[in-house]
1. Quick one: in the stretch B:537-548, of everything that is touching a strand residue (DSSP E or B) at 6+ places or on another chain (Cβ under 6 Å) and either under 9 Å from B:A450 (Cβ atoms) or not in a loop (DSSP other than H, G, I, E, B) (or both), which residue is modelled with the highest pLDDT?
2. Please give the number of the condition B:D496 fails out of (1) crowded, with 17+ Cβ neighbours inside 10 Å; (2) part of a helix (DSSP H, G or I).
3. For B:L313, work out the one condition from (1) surrounded by fewer than 24 Cβ atoms within 10 Å (Cβ to Cβ); (2) under 30 Å from B:P506 (Cβ atoms) it doesn't fulfil.
4. Say we look at the stretch B:62-76 and pick out the residues that are facing chain A (nearest Cβ under 9 Å) and outside any loop (DSSP other than H, G, I, E, B); which of these is nearest to B:I43 (Cα to Cα)?
5. Given the criteria free of Cβ contacts under 8 Å to residues at least 24 places away in the same chain, assigned by TED's automatic domain parsing to the domain that holds B:M434 and either charged (D, E, K, R) or in contact with a Pro (Cβ under 7 Å, 6 or more places away or on another chain) (or both), does B:E380 qualify?
6. Name the residues in the stretch B:539-560 that are of a type in the set (A, V, I, L, M) and surrounded by 24 or more Cβ atoms within 10 Å (Cβ to Cβ), would you?
7. In the stretch B:91-115, which residues are basic (K, R) and either within 9 Å of another protein chain (Cβ to nearest Cβ) or over 11 Å from B:L612 (Cβ atoms) (or both)?
8. Going through B:L502, B:L465 one at a time, which residue ends up being outside the structural domain of B:G422 (by TED's automatic domain parsing) and buried (at least 17 other Cβ atoms within 10 Å of the Cβ)?
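The values are calculated or read from the model by the stated rules, or taken from the named source; none is laboratory data. These figures come from a predicted structure and were not determined experimentally. FYI the Cβ positions are ideal-geometry reconstructions off the backbone, even for glycines, and counts take in every protein chain you see.
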Amino acid sequence: MKKVFKLEDLDCANCAKKMENAINKIDGVESATVSFISQKLTITADDARFDEIMKKAAAECKKIEPDCTIIM
Amino acid sequence: MSKKQKKMLARIIISFVILIAEMIFFGVTKADIGIWKLALFLIPYLIIGYDILRKAVLGIIHLQFFDESFLMTVATIGAFATGEYAEGTAVMLFYQVGELFQSCAVSKSRKSISELMDIRPDYANIEDENGKLIQVDPEEVEIGSVITVKAGEKVPLDGVIISGTSAVDTSALTGESIPRDVCEGGEIISGCVNLTGILKIRVTKEFGQSTVSKILELVENSQEKKSKSENFISKFARIYTPAVVIGALLLAFIPPLLTGGELGKWVYRAMTFLVISCPCALVISIPLTFFSGIGGASKAGILIKGGNYLEALANAGVVVFDKTGTLTKGSFEVTAVHSDKMDKDALLETAALAEMYSDHPISLSLKRAWGKECDSSRIENVKEIAGHGVKAVIDGKIVLAGNMKLMKTENISEAHDCHHAGTAVHVAVNGEYMGHIIISDALKEGAKEAMEGLRNMGVRKTVMLTGDDRRVGEQCAKALGIDEYHAELLPADKVDCVEKLLAEKPPKKTLIFVGDGINDAPVLTRADIGIAMGAMGSDAAIEAADVVLLDDDPRKIPLAIKIAGKTASIVRQNIVFALGVKLLTLILGALGIANMWAAVFADVGVSVIAILNAMRAMRVKR
């Protein structure tokens, strides 16, 4: 399943890059792109585990940029 | 400015005023109040930098060491530790000013790019039960509903006009500024602006499937396809930051150990290293440059599916064209009338009358060329001879109209071939040869200019592929000044041809294939870049191609390459500029010439300049 999420308070481009790398490393994620310009996360991941994966992704984002939240 | 940015501005002003006051106070009085001086400077420092400190602490908890907040915190606390209170505060202040600039520049560019692609309709007008027009969300309109579009409104959904005539402005989609006339029965696509009359449209596609949605989706998704430069920067960033941090550590401790110099001086120099260690300028500006290039191109009706394709377009070396529908109009037209005996108009009239009952494209083009209503009372005994032509009696005379085979079987001995390429319709009246009419596919307007444009853009070779016969191909290639042509190709041969051209081309140059996207999907995918033309409404073409031209103007191809070239050169400028300034500051910092201020400039200042430079890619000159 492919979904697009808006990211709030993503203020740093380098963080966006790091988030993208971190989310891509999550098990079950097929591909993920974090666009700093459009402030969006596009993620393709395993259907069955999607919610669980998104939780992990949100946690990764928080780790890298504490103020940034994924709007689900 | 957003609320957040305004708040930041207030913090900057407050802490700036306090800092200046304190600097003047300590400068004038030279007061030595020990720990109190530190406390006084901590006030503006905390006002301006509390969020950075907080992020730095959270970063440490999450084991994220090399982020900017952490580095700024280490650098400014380092300055405080060496007794440079004013400088530590000032650097934090300067950093925040830079960040604010950067954030404003990014939001401004984000806004102007999205304005550029402002084709999303806000509402659709439909009639309620009482016949009154109400505005609804375009997403709620179902297929088959009738919508009303008033003058000045955007067409919200694709459909067929059931009543009204008007001129529509398609410039938001195609970049074409001349309005297009539409009338009852015609198809209309979403995103056009209705200029004059009221149109009633029967919706044929849901909003999600409409042209506007397709275009927006395509442009938005373009950021998922990373260019080589972006991938390079990603890899580079992974090495760069740790390398600079290690450099900073070495700089702080090795020289004092070796020379026995004072530790503080070297720690300060190391701090400047840390400030420069963020690759932000590159990480922001490169995708932004590609995005603004893509935005600018889409304004001109050129949709590019990703930064990687933009980059490949900039290196175009060979451009391969499909003939029919790409360089030619794909519709048959009478291009020459060669009369041996009778008047030219009379010859055309005779041929048109003879073919009046046929729906063959050639017959249709004859009738179109004649342009008058055919009077069926003048014609009788029509006999169609398959593969040959028509035999009929017109105004009492026996007329033959058809190909050479027909002339031969009917023993018309004077009949002769024509030097023009194309399909010839020979005409004989009462057994006497009258002449022939040449019907061929007309060249598209702008096709020749497109070839010149491509050569000016540095394309080394243009090639044309066609399934038509050799003479037609040759004539077309010659007329347009195309370097090489291959004719009489089957669809599979086209792929082989492209394979061969791919193998021949210089390795750093790319091969572009341009087709109408209808039956050349395999070639479109095989080429380095596939461009589909006139793809408005054709989903298959949008799917298969890497670059989609919304209208079918061949001149858009050199324009696309030009935009790509400009974008690529801005990317290069930004890489060279950002890395150059950083490297220079690193060296000067190590030598103790560049101070922390220069370091902050090398970080955020460079980012801001690179962002502003990136925005240039959006402006497309025609």
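1. Residues of the stretch B:537-548 touching a strand residue (DSSP E or B) at 6+ places or on another chain (Cβ under 6 Å): B:541-542, B:545-548.
Retained after the next criterion (residues that are either under 9 Å from B:A450 (Cβ atoms) or not in a loop (DSSP other than H, G, I, E, B) (or both)): B:541-542, B:547-548.
Numbers: B:A541: 69, B:I542: 73, B:V547: 91, B:V548: 88.
Among those that are touching a strand residue (DSSP E or B) at 6+ places or on another chain (Cβ under 6 Å) and either under 9 Å from B:A450 (Cβ atoms) or not in a loop (DSSP other than H, G, I, E, B) (or both), it is B:V547.
2. Result: B:D496 fails condition (1) only.
3. Result: B:L313 fails condition (1) only.
4. The selected residue is B:S69.
5. Details: free of Cβ contacts under 8 Å to residues at least 24 places away in the same chain: yes; assigned by TED's automatic domain parsing to the domain that holds B:M434: yes; either charged (D, E, K, R) or in contact with a Pro (Cβ under 7 Å, 6 or more places away or on another chain) (or both): yes.
Yes.
6. Filtering the stretch B:539-560 for residues of a type in the set (A, V, I, L, M) gives B:540-542, B:544-545, B:547-550, B:557, B:559-560.
Across the stretch B:539-560, the qualifying residues are B:A541, B:A545, B:V547, B:V548, B:L549, B:L550, B:I557, B:A560.
7. Just the residues of the stretch B:91-115 that are basic (K, R), to begin with: B:108, B:110-111.
Matches in the stretch B:91-115: B:R110, B:K111.
8. Numbers: B:L502 fails: buried (at least 17 other Cβ atoms within 10 Å of the Cβ).
Being outside the structural domain of B:G422 (by TED's automatic domain parsing) and buried (at least 17 other Cβ atoms within 10 Å of the Cβ) holds for just one of B:L502, B:L465, which is B:L465.
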